[in-house]
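Below: the structure, in structure tokens.
The values are calculated or read from the model by the stated rules, or taken from the named source; none is laboratory data. Model, not experiment: these values are computed from the prediction. So basically every Cβ, Gly included, is an ideal-geometry build from the backbone, and we count neighbours across all protein chains shown.
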Number of protein chains: 2
Amino acid sequence: MTEQTRLPREILVVGSVGLDNVETPFGKVERALGGSATYFATAASFFAPVNLVGIVGTDFPQEHIDFLQQRGVNLDGLEIVEGETFFWAGRYDYDLNVAHTLETRLNVFADFNPQLPPHYRTPSLLFLANIAPELQLSVLDQVERPDLVALDTMNFWIDSQKEALIRVIQKVDVVIINEAEARDLAETPSLLKAARTILSWGPRALVVKRGEYGAALFTSGSSRVDSFFFVPAYPLEDVRDPTGAGDTFAGGFIGALAHEPVLDTNALRRAMVQGSVVASFTVEDFSINRLKEIRIEDIWARTKEFRAFTYFEPLEVARS
Amino acid sequence: MTEQTRLPREILVVGSVGLDNVETPFGKVERALGGSATYFATAASFFAPVNLVGIVGTDFPQEHIDFLQQRGVNLDGLEIVEGETFFWAGRYDYDLNVAHTLETRLNVFADFNPQLPPHYRTPSLLFLANIAPELQLSVLDQVERPDLVALDTMNFWIDSQKEALIRVIQKVDVVIINEAEARDLAETPSLLKAARTILSWGPRALVVKRGEYGAALFTSGSSRVDSFFFVPAYPLEDVRDPTGAGDTFAGGFIGALAHEPVLDTNALRRAMVQGSVVASFTVEDFSINRLKEIRIEDIWARTKEFRAFTYFEPLEVARS
């Protein structure tokens, strides 16, 4: 771009908006606000204006709509149709890394066919949350080339629609998935090999979410030094509910990029830290409850701590 | 200390010396050099002189003794007694994080009762590898207060001799264990809570080994910023055999401290990196085969790369 980039960049997210029943050893919620686009938008809204495309039923509580709008999330792209909202019920045991799905009811989400309002079609940053690859492709067809497109996906699409998924991946800049998905997608137990395979399809970056172990960034540099970056998870005494950690990581990641004049590898590294920070708040309570409580100052405070978590001063050892 | 510390510091290790059958999806070895003290000493010998206390049977191959001596490992403390050497057989599947023990024969190791030769009794750095807590205590009784004592242990001792184990932990400076052991030892699923519990018993540092996710250092600082440090595992395309990764991590860690004039938190952070580097070589081949091939220059080369893996330049965002 020759023109000056206007900051913060405008963000568009397309994905699910739902209601969740979640139970963990530390409590439970019923029909709480959930869905990939919801989590993402709530997180990203700390940083920049967000346009959301999704679908809900007429049972979707007005309070959630009010909340998102208060956060500066534009809902012109949220379709409200006769029927019930997407519903997910899940349970976590003490190993909070593993979600046990108890029930999934797609409801109106089964007929989701994202249509972008005209004023949504020139986003600077586009996040294709976890939806069918064909729908992700249809969104790409409706936008003018954004500065950066990222996508998430899940094992269901990797197993059932891999070819379409690879076609989307070829068209995006950043793939943001979890570790098991990366290995499945590339069909190798080696994460580094998986990263090379996925990057060979076209994206310039792969973000691998590793839950309590943080996240790894692989870019298409020529050496490990150029191409590998690692951020830990913020050390927390109590994790109550990991639901939404991945989507709010993505929200913090894309939100951070909204403030970057240049979307280079350094910007991606800073975005990794911001993703990890925002996800660390999400898991401290159920649904988006913790994100409702905090302010941007809380996010900056944790962000400042991150440097120290990995910082060391090299010692020059004189050796014969 | 008021006197000048002489560098590199002398290292003493007490632990097992054994022969291993190991099988992974990438190959297998039979009666290969193994044992916690052996792995540790091989790794630490890149950095400083190492004295080893252990026990083997008369079947222990002379070539292994020759190898260790060539590496500058002093074996005056290695007892050779009538009988067979400690033997372990294990298998790893594609999930290389999980070792499946097929057979353990303690053999002469069952009667191990470490006796330190007189010239071993003033080590600067002492590593108590994974042996019975009572034996670790007996070693502590035989040495003059070293500058730093670290210990490893395993679930077997946590489950069967926890009281004795805690008595040793109260007397050491650094506990180096894996993640599951830390949670078991402190009886909590929260790693941060586990760290606080273990540090409350007396040690100034806890090192938690996390396999392919690297390692975390907790020190008794007042805030997360002071007290938490994280180092990733070196990204490898192929891991052939994870056996010995933990002990060689400890060897690199203590080896790095041998060159530190002051054993402060910065020194511990650098040692974490060195541990991760050395372990990354270990897992590239079976037994100590890869460590036999490399030179100190190879270690320095990877060490230099580590800074970039976690380095990011903070962006000052002007916010209203």
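Which of the residues belonging to region A:132-177 are within 18 Å of A:Arg196 (Cβ to Cβ) and within 16 Å of the chain's Cα centre (by Cα)?
Scanning region A:132-177 gives A:Ile169, A:Val172, A:Asp173, A:Val174, A:Val175, A:Ile176, A:Ile177.
Go through (1) away from chain A (no Cβ under 13 Å); (2) part of a strand (DSSP E or B) and name the single condition B:Val172 misses.
So B:Val172 meets the others, but not (2).
Among the candidates B:Val108, B:Val98, B:Val81, which residue alone is crowded, with 20+ Cβ neighbours inside 10 Å and aliphatic (A, V, I, L, M)?
None of the other options fit; the residue is B:Val108.
What are the residues in region B:117-139 that are within 21 Å of B:Ile176 (Cβ to Cβ) and touching a helix residue (DSSP H, G or I) at 6+ places or on another chain (Cβ under 7 Å), if any?
Answer for region B:117-139, where residues must be within 21 Å of B:Ile176 (Cβ to Cβ) and touching a helix residue (DSSP H, G or I) at 6+ places or on another chain (Cβ under 7 Å): B:Leu125, B:Phe127, B:Leu128, B:Ala129, B:Asn130, B:Ala132, B:Pro133, B:Glu134, B:Gln136, B:Leu137.
Can you confirm whether region A:175-195 contains a residue that is surrounded by fewer than 19 Cβ atoms within 10 Å (Cβ to Cβ), part of a loop (DSSP other than H, G, I, E, B) and more than 14 Å from chain B (Cβ to nearest Cβ)?
Within region A:175-195, not a single residue is surrounded by fewer than 19 Cβ atoms within 10 Å (Cβ to Cβ), part of a loop (DSSP other than H, G, I, E, B) and more than 14 Å from chain B (Cβ to nearest Cβ).
With the requirement that a residue be within 14 Å of chain A (Cβ to nearest Cβ), within 25 Å of B:Leu102 (Cα to Cα) and either of a type in the set (Gly, Ala, Ser) or surrounded by fewer than 21 Cβ atoms within 10 Å (Cβ to Cβ) (or both), what does region B:281-295 give you?
Hit for region B:281-295 is B:Glu284, nothing else.
Cβ-Cβ below 7 Å, separation at least six or inter-chain, first residue in region A:226-242 and within 13 Å of A:Ser280 (Cβ to Cβ) and facing chain B (nearest Cβ under 7 Å), second surrounded by fewer than 20 Cβ atoms within 10 Å (Cβ to Cβ) and of a type in the set (Lys, Arg): which pairs?
These pairs meet every condition: A:Pro235/B:Arg224; A:Glu237/B:Lys193.
Here are some conditions: (1) more than 8 Å from chain A (Cβ to nearest Cβ); (2) in contact with a strand residue (DSSP E or B) (Cβ under 8 Å, 6 or more places away or on another chain); (3) closer than 15 Å to B:Ile176 by Cα. B:Ala271 meets all but one. Which one does it not meet?
All conditions are met except number (2).
Which count do you get for residues in region A:240-268 that are surrounded by fewer than 20 Cβ atoms within 10 Å (Cβ to Cβ) and part of a helix (DSSP H, G or I)?
Qualifying residue count for the region: 3.
Scan region A:232-265 for residues that are out of contact with any Lys or Arg (no Cβ under 7 Å at 6 or more places or on another chain) and under 20 Å from B:Ser190 (Cβ atoms) and jot them down.
Once the filter is applied, which keeps residues that are out of contact with any Lys or Arg (no Cβ under 7 Å at 6 or more places or on another chain) and under 20 Å from B:Ser190 (Cβ atoms), region A:232-265 yields A:Pro232, A:Ala233, A:Leu236, A:Asp238, A:Val239, A:Arg240, A:Asp241, A:Pro242, A:Thr243, A:Gly244, A:Ala245.
Among the residues of region A:128-138, is there at least one that is part of a helix (DSSP H, G or I), on the phi < 0 side of the Ramachandran plot and hydrophobic (A, V, I, L, M, F, W, C)?
yes
Since B:Gly255 meets every condition but one in (1) under 25 Å from B:Ala194 (Cα atoms); (2) more than 10 Å from chain A (Cβ to nearest Cβ), which condition does it not meet?
That leaves (1) as the condition not met.
Of (1) of a type outside the set (Gly, Ala, Ser); (2) in contact with a Gly (Cβ under 8 Å, 6 or more places away or on another chain); (3) part of a loop (DSSP other than H, G, I, E, B), B:Phe60 satisfies all except one. Which?
That leaves (2) as the condition not met.
If you go through region A:300-318 one residue at a time, do you hit one that is at the interface with chain B (Cβ under 10 Å from one of its Cβ atoms), under 22 Å from A:Leu52 (Cβ atoms) and assigned to a helix (DSSP H, G or I)?
no
Out of all the residues in region A:213-224, is one or more touching a residue at least 24 places away in the same chain (Cβ under 8 Å) and on the phi > 0 side of the Ramachandran plot?
Yes.
Go through region B:204-225 and count every residue that is within 9 Å of another protein chain (Cβ to nearest Cβ), surrounded by fewer than 24 Cβ atoms within 10 Å (Cβ to Cβ) and outside any helix (DSSP H, G or I).
Qualifying residue count, region B:204-225: 2.
Name every residue in region B:79-94 that is part of a loop (DSSP other than H, G, I, E, B) and modelled with pLDDT of 95 or more, in order of residue number.
Across region B:79-94, the qualifying residues are B:Glu82, B:Gly83, B:Glu84, B:Thr85.
Go through B:Asn113, B:Asn51, B:Asn74, B:Asn97 for me and flag whichever is at pLDDT 95 or above, at negative phi, in a loop (DSSP other than H, G, I, E, B) and of a type outside the set (A, V, I, L, M).
B:Asn113
For region B:284-299, which positions are part of a loop (DSSP other than H, G, I, E, B) and touching a residue at least 60 places away in the same chain (Cβ under 8 Å)?
Initially, region B:284-299 is screened for residues part of a loop (DSSP other than H, G, I, E, B), giving B:284-288, B:294-295.
B:Phe286, B:Ser287, B:Ile288, listed by residue number.
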